[in-house]
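Asks: The structure is given below, and queries will be raised subsequently.
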Amino acid sequence: QVQLVESGGELVQPGGSLRLSCVGSGTSVMYGMGWFRQAPGKEREFVAHISFSGAPTFYGDSVKGRFTISRDNAGNTMYLKMNSLKPEDTARYYCGLYSGGDYYLASAYHYWGQGTQVTVSS
């Protein structure tokens with residue numbers, strides 16, 4: 001059974017940094033993976049995608065230059081390093097296992113974790 005577990009979310013001040021982790025089990029690492037986020041009352045938004053080899057990577061426009069996605073296949077773990085955080089980054093962050101199609105659409109992912117909450121506020 002595939003399981004994805006996110007961690008690392010917390011309350012942080014504007015301008016601060018966080019690193020999120022997503023640990024996978026019950027599946028091969030030979031899949032692309034992605035990060036999405038969802039704020040209350042909004043649709044799930046694409047954040048970043050990484051291929052199974054680690055490259056290429058893709059980012060949503062709102063996080064380009066501030067966030068970095070990476071993965072450690074030996075440890076079945078994917079990361080999201082977030083710098084220069086803004087209040088508008090506040091959301092629940094989810095990792096997903098890519099199944100095919102447009103990587104920036106949530107429908108392209110067939111397994112999701114339970115999410116980890118990131119709150120950016122002073």
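The values are calculated or read from the model by the stated rules, or taken from the named source; none is laboratory data. In this text, all values refer to a predicted model and were calculated from it rather than measured experimentally. No Cβ is skipped: glycine too gets one built from the backbone with ideal geometry, and neighbour counts run over all protein chains shown. To get the accessible areas, we keep the full protein, side chains included, count just its heavy atoms, and leave off ligands, DNA and RNA. Shrake-Rupley method; radii C 1.70, N 1.55, O 1.52, S 1.80 Å.
Asks: If a residue has to be part of a strand (DSSP E or B) and closer than 17 Å to ILE69 by Cα to count, how many in segment 95-111 make the cut? Can you show your working first?
Replies: First, the residues of segment 95-111 that are part of a strand (DSSP E or B): 95-98, 109-111.
Still in the running and closer than 17 Å to ILE69 by Cα: 95-98, 109.
The number of residues fulfilling the criteria is 5.
Asks: Restricting to segment 4-52, name every residue that is in contact (Cβ under 8 Å) with a residue 40 or more places away in the chain and of a type in the set (S, T, N, Q).
Replies: Correct list: SER7, GLN13, SER17, SER21, SER25, THR27, GLN38.
Asks: Which of the residues that make up segment 100-122 are open to solvent by 40 Å² or more (accessible area, probe 1.4 Å), touching a helix residue (DSSP H, G or I) at 6+ places or on another chain (Cβ under 7 Å) and touching a residue at least 40 places away in the same chain (Cβ under 8 Å)?
Replies: Of everything in segment 100-122, just one residue is open to solvent by 40 Å² or more (accessible area, probe 1.4 Å), touching a helix residue (DSSP H, G or I) at 6+ places or on another chain (Cβ under 7 Å) and touching a residue at least 40 places away in the same chain (Cβ under 8 Å), namely SER121.
Asks: Name the pairs: first residue in segment 81-94 and touching a residue at least 24 places away in the same chain (Cβ under 8 Å) and assigned to a strand (DSSP E or B), second residue open to solvent by 50 Å² or more (accessible area, probe 1.4 Å) and among the aromatic types (Phe, Trp, Tyr), Cβ to Cβ under 6 Å, at least 6 apart or on different chains?
Replies: TYR94/TRP112
Asks: Going through segment 87-99 one residue at a time, which ones are in contact with a strand residue (DSSP E or B) (Cβ under 6 Å, 6 or more places away or on another chain) and open to solvent by 50 Å² or more (accessible area, probe 1.4 Å)?
Replies: Result: PRO87, ARG92, TYR98, SER99.
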